[in-house]
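K.L.:
Here it is, the structure in full.
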Amino acid sequence: MPFVQEALDGIEFARGDPNSTWGSVRAAMGHPEPFTLKYVAIGNEDCWKPHYRENYLKFYAAIRKAYPDIKMISNCDGSNAQLDHPADMYDFHIYQNANTVFSMANTFDRTSRVGPKAFVSEYAVTGDDAGRGSLLAALAEAAFLIGLEKNSDIVEMASYAPLFVNTNDRRWNPDAIVFDSSQAYGTPSYWMQHFFSDSNGATLLKSTLQANSSNSLEASAILFQNPMDKGNYMRIKVVNFGSSPVDLKIVIDGFDRKLLDSSGSKTVLSSTNVKDENSFANPEKVVAQVSPVKSLVEKTGTNMDLVLLPHSLTCFDVLMKSDITQITADDDSHVSSM
């Protein structure tokens, strides 16, 4: 099939030796070093189309033979049932209203731990709830990401979509970063993703919530090393998707409070109106606000009593006295791969 050969030629252009047919073209364009191409998705939202599977298998066989190390991604959803064809990963897209995205935080809780892992390659709140990038959208997406974080043993990667938009050529709403020829700003969804920047390689802790409005909450707890100060921290993230403040107690199972320092920080993403958006005129209307925390652990240890603002994403980073590698994790803990 000519299309299969074109795919192989494209991969050779990216990865091939500079003396190969297509690698030499790349080298002549000024990039002799091969690109690090590790993944190939076969199609895009094509699973439902006629002949997808038979064509997929032709691409799969040819690419596997030529590049056995490349991970191949199917367009068919494997979160509810096993795929009927070979794949290293499967693609998962979600574009829905805020309530639906919030409710999908547990999507992968019941997914089989056997078989291909998920690549959530496109997720975003869309429609009226999103506007051009609202706080409401960011909070629902944060809850969904917390669900992915908790299931990071079977969710290998995730990416927001789309990332950039030129405000003079807007074809999709929302986008994470808006720009023109001289300026740029991040939407609330952009700032929300900063809360997950240390999730990759972190250790996920088993935690439980005790609150007066648990149906509007999603939370997780991780151990991670801050790449800036090299300090080891416990991070607790909580989304309050409701319109009222929440009194919350978080219990970290099997964790020794003596490992925690008394110092840390609290970061909150919130605003006076859940539909607030950023703009060129007011690029920081909805941004994360950081404040120091000095007495959280002294008062409560690992049973933390907190008050959450309405419609907010709150993150508590507590400094640890011990190296993460010296901590014996609970049986239900695992390393996040997101």
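The values are calculated or read from the model by the stated rules, or taken from the named source; none is laboratory data. None of the values given here were measured: they were computed from a predicted structure. Cβ: placed from backbone, ideal geometry, glycine included. Neighbour counts: every protein chain shown.
K.L.:
Across the range 201-216, what is the number of residues that are free of Cβ contacts under 8 Å to residues at least 60 places away in the same chain and part of a strand (DSSP E or B)?
P.N.:
Final tally of qualifying residues: 5.
K.L.:
Can you spot a residue in the range 152-168 that is over 22 Å from Gly242 (Cα atoms), crowded, with 20+ Cβ neighbours inside 10 Å and of a type in the set (S, T, N, Q)?
P.N.:
Yes; the residues of the range 152-168 include at least one that is over 22 Å from Gly242 (Cα atoms), crowded, with 20+ Cβ neighbours inside 10 Å and of a type in the set (S, T, N, Q).
Conditions tested, residue by residue: (1) within 16 Å of Thr111 (Cβ to Cβ); (2) of a type in the set (Gly, Ala, Ser).
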{"residue": "Gly43", "(1), (2)": "no, yes"}
{"residue": "Trp48", "(1), (2)": "no, no"}
{"residue": "Tyr52", "(1), (2)": "no, no"}
{"residue": "Leu57", "(1), (2)": "no, no"}
{"residue": "Tyr60", "(1), (2)": "no, no"}
{"residue": "Ile63", "(1), (2)": "no, no"}
{"residue": "Ile70", "(1), (2)": "no, no"}
{"residue": "Cys76", "(1), (2)": "yes, no"}
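Every residue, every condition in (1) modelled with pLDDT of 90 or more; (2) surrounded by fewer than 18 Cβ atoms within 10 Å (Cβ to Cβ), yes or no:
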{"position": "Asp175", "(1), (2)": "yes, no"}
{"position": "Gln183", "(1), (2)": "yes, yes"}
{"position": "Ala202", "(1), (2)": "no, no"}
{"position": "Asn212", "(1), (2)": "no, yes"}
{"position": "Lys230", "(1), (2)": "no, yes"}
{"position": "Met234", "(1), (2)": "no, no"}
{"position": "Asn240", "(1), (2)": "yes, no"}
{"position": "Ser243", "(1), (2)": "yes, yes"}
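K.L.:
For the range 187-200: of the residues being outside any helix (DSSP H, G or I) and crowded, with 21+ Cβ neighbours inside 10 Å, which is modelled with the highest pLDDT?
P.N.:
Of everything passing the filter in the range 187-200, Thr187 is modelled with the highest pLDDT.
K.L.:
Kindly check whether there is at least one residue in the range 137-145 that is part of a strand (DSSP E or B) and of a type outside the set (Asp, Glu). Write out each step before concluding.
P.N.:
If we filter the range 137-145 for residues that are part of a strand (DSSP E or B), which is where we start, we get none.
Scanning the range 137-145, I find no residue that is part of a strand (DSSP E or B) and of a type outside the set (Asp, Glu), so the answer is no.
K.L.:
Which pairs have Cβ atoms under 9 Å, sit 6 or more apart or on different chains, and link a residue in the range 63-80 that is closer than 13 Å to Ala7 by Cβ to one that is basic (Lys, Arg) and part of a loop (DSSP other than H, G, I, E, B)?
P.N.:
Taking only residues 6 or more apart or on different chains, the pairs are Ile70/Lys38.
K.L.:
So which helices (runs of 4 or more DSSP H) are wholly in the range 1-103 and hold at least 1 residues that are surrounded by 18 or more Cβ atoms within 10 Å (Cβ to Cβ) and among the acidic types (Asp, Glu)?
P.N.:
On the way: elements: 2-15, 21-28, 52-66, 98-103.
Of the helices (runs of 4 or more DSSP H) lying wholly inside the range 1-103, those with at least 1 residues that are surrounded by 18 or more Cβ atoms within 10 Å (Cβ to Cβ) and among the acidic types (Asp, Glu) span 2-15.
K.L.:
Applying the selection to the range 245-270, what residues are touching a strand residue (DSSP E or B) at 6+ places or on another chain (Cβ under 6 Å), outside any strand (DSSP E or B) and at pLDDT below 85?
P.N.:
The answer is Leu259, and nothing else.
K.L.:
Next question. Taking the conditions exactly as written (out of contact with any Cys (no Cβ under 8 Å at 6 or more places or on another chain) and assigned to a loop (DSSP other than H, G, I, E, B)), does Phe108 satisfy them or not? Outline the logic, then answer.
P.N.:
Working: out of contact with any Cys (no Cβ under 8 Å at 6 or more places or on another chain): yes; assigned to a loop (DSSP other than H, G, I, E, B): yes.
Yes: the conditions hold for Phe108.
K.L.:
Then there's this: Could you please find all residues in the range 199-237 being over 22 Å from Leu248 (Cβ atoms) and among the charged types (D, E, K, R)?
P.N.:
Matches in the range 199-237: Asp229, Lys230.
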